[in-house]
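Just so it is clear, none of the values below were taken in a lab; they were calculated from the coordinates. None of these values were measured; they are calculated from a predicted model. Every residue, glycine as well, gets a Cβ built from its backbone with ideal geometry; the counts of neighbours run over all protein chains shown.
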């Protein structure tokens, strides 16, 4: 089944929708229905997928069809909503101060039909924002939703230039953020570079550490465990270090513990 991958805003997940016989392209804006609200979203890809995977991606909801490609009038409504953001955020920030809440507002999103406003924020822990929801509902007379984001999402919203000299990947093409661990840096043998060089603008490990991780996993699967005993052309020894891309290991020789030799994997014996 071919579906369109649609993102409603920069910090929300990607949802799947049926094409409904429409001729659409990457980057097109379309009108869809989610949770009884009309929304305008951007096509960020197309995919062939099984029905069971669609439910998982859409959080258990049945897949809907795209209603239509956005018209010029639809895009003007989107632009109007974008222009209203600053004023709405100012109102919400004042209410956050009034309720003395430890949270930082980072974005606001109108549903396309104007019936719902979603406020996105970051916080160190859980926040009881029920008083804030009541104040916002009373003020705007709309369905109010608050969504807590991570610092990676904030960086994606604000956008910036990465240490590589180009716009952050999260701002341009990454559909899924996070899932980057210190183990991946260790596997790729870059952990020695230090936290500052491995961290992105968000302060977390760079998302690009995921790009080659599968290759490193595949290549490292051929290596003997560190600390294991192997045979080398110069005698038996203990594996103390891997060179994954070179496909070689450093071995401490049993007969001469002060000597380390580098041996290609194909020259090792067990």
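Taking the mean number of other Cβ atoms within 10 Å as a proxy for protection, how do you rank 206-218, 143-155 from highest to lowest?
Values: 206-218: 15.7, 143-155: 17.6.
The packing order, highest mean first, is 143-155, 206-218.
How far, in nm, would the chain grow between residue 19 and residue 140 when pulled straight, counting 0.36 nm per residue and subtracting the alpha carbon separation? The partial results should precede the final answer.
Details: separation 121, 0.36 × 121 = 43.56 nm, distance 3.41 nm.
Extra length from residue 19 to residue 140 when fully extended: 40.1 nm.
So how do 223, 129 line up by other beta-carbon neighbours within 10 Å, fewest first?
Sorted ascending by nearby Cβ count, the order is 223, 129.
In nm, give the distance between the simple-model label positions of residue 75 and residue 195, each being 7 Å from the Cα along the Cα-to-Cβ direction.
Going by the 7 Å Cα→Cβ label model, 4.5 nm.
So if I take the centroid of the Cα atoms in segment 1-42 and the same for segment 68-146, what is the distance between those two points in Å?
21 Å
Label 7 Å along Cα→Cβ of residue 212; segment 234-270 residues with amide nitrogen under 11 Å?
244-246
Could you please rank 169, 202, placing first whichever residue has the fewest other Cβ atoms within 10 Å of its Cβ? Walk me through the intermediate numbers first.
On the way: 169 18, 202 21.
If I rank by nearby Cβ atoms, fewest first, I get 169, 202.
Residues of segment 211-239 with the amide nitrogen closer than 16 Å to a label point 7 Å from the Cα of residue 255, along Cα-to-Cβ, please.
Counting only backbone N, you get 230-238.
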